Amino acid sequence: MSAAMPLLEIRRVTKSYRPPGGSPPISVLRDASLTVQAGESVAIIGPSGSGKSTLLNLIGGLDQPDDGSVLLDGVSVSQLGEAALAQMRRDRIGFVFQSHHLLPHCSVLENVLVPVLADHSSTDSAVEQRARHLLDRVGLGDRIHQLPGRL
């Protein structure tokens, strides 16, 4: 029996940034690897400046690694065009930002549904049911009608 393909696989990723003014590059990630199977929950923790946001940006295709690869369901994120990246972000990736970026006048459920507003391929009930399931999964199922300021 073969092992299931990982949902997410980060293979020896390296990422550096060149500060302005000709200073030498700052290495943020060096040879980082991670494998996540479907159904697993993962927390990325560390001190400020340790590369957490950089890693998330690479996973979401918001940035490209200098070396190595990021694969989602076996597909290299860096090989996707803009339209395919946008669809992947809409359908497969969810971010919870540190500074929230929530609509303060919308309920928790409505905020979760915002990314799918442009997708007319799913039925409204299926989309809402999935949103409710995801909120239950993160412990917010009983607070779906509250506004973000009340969380």
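The values are calculated or read from the model by the stated rules, or taken from the named source; none is laboratory data. If you're wondering where the values come from, they're calculated on a predicted model, not measured in any experiment. We place every Cβ from the backbone using ideal geometry, glycine too, and count neighbours over all the protein chains shown. Surface accessibility is based on the protein's heavy atoms, side chains included, excluding ligands, DNA and RNA. Shrake-Rupley method; radii C 1.70, N 1.55, O 1.52, S 1.80 Å.
For the stretch 39-55, the set of residues classified as of a type outside the set (A, V, I, L, M) and open to solvent by 80 Å² or more (accessible area, probe 1.4 Å) consists of GLU40, SER41, PRO47, SER48, listed by residue number.
For the stretch 95-129, the candidate set comprises residues that are loosely packed, with under 11 Cβ neighbours inside 10 Å and closer than 25 Å to GLY61 by Cα; within that set, the residue that is modelled with the highest pLDDT is LEU117.
Filtering the stretch 27-40 for residues that are of a type in the set (A, V, I, L, M), farther than 28 Å from ALA4 by Cβ and at pLDDT 90 or above leaves a non-empty set.
Among what's in the stretch 62-80 and is part of a loop (DSSP other than H, G, I, E, B), of a type outside the set (Asp, Glu) and modelled with pLDDT of 90 or more, pick the residue that is least open to solvent (accessible area, probe 1.4 Å).
Initially, the stretch 62-80 is screened for residues part of a loop (DSSP other than H, G, I, E, B), giving 62-66, 73-74, 80.
From what is left, the residues that are of a type outside the set (Asp, Glu) are 62, 64-65, 74, 80.
Subset that is modelled with pLDDT of 90 or more: 64-65, 74, 80.
Numbers: GLN64: 71, PRO65: 28, GLY74: 44, LEU80: 49 Å².
Looking at residues that are part of a loop (DSSP other than H, G, I, E, B), of a type outside the set (Asp, Glu) and modelled with pLDDT of 90 or more, I get PRO65.
Can you find a residue that is open to solvent by 50 Å² or more (accessible area, probe 1.4 Å), more than 26 Å from LEU140 (Cα to Cα), in contact with a strand residue (DSSP E or B) (Cβ under 7 Å, 6 or more places away or on another chain) and modelled with pLDDT of 90 or more anywhere in the stretch 12-22? Yes: the stretch 12-22 contains one or more residues that are open to solvent by 50 Å² or more (accessible area, probe 1.4 Å), more than 26 Å from LEU140 (Cα to Cα), in contact with a strand residue (DSSP E or B) (Cβ under 7 Å, 6 or more places away or on another chain) and modelled with pLDDT of 90 or more.
Only residues that are closer than 20 Å to VAL138 by Cα, within 13 Å of the chain's Cα centre (by Cα) and of a type in the set (Gly, Ala, Ser) were counted across the stretch 32-56, and they come to 2.
Summed over the stretch 26-38, the residues that are open to solvent by 70 Å² or more (accessible area, probe 1.4 Å) and part of a loop (DSSP other than H, G, I, E, B) give a count of 1.
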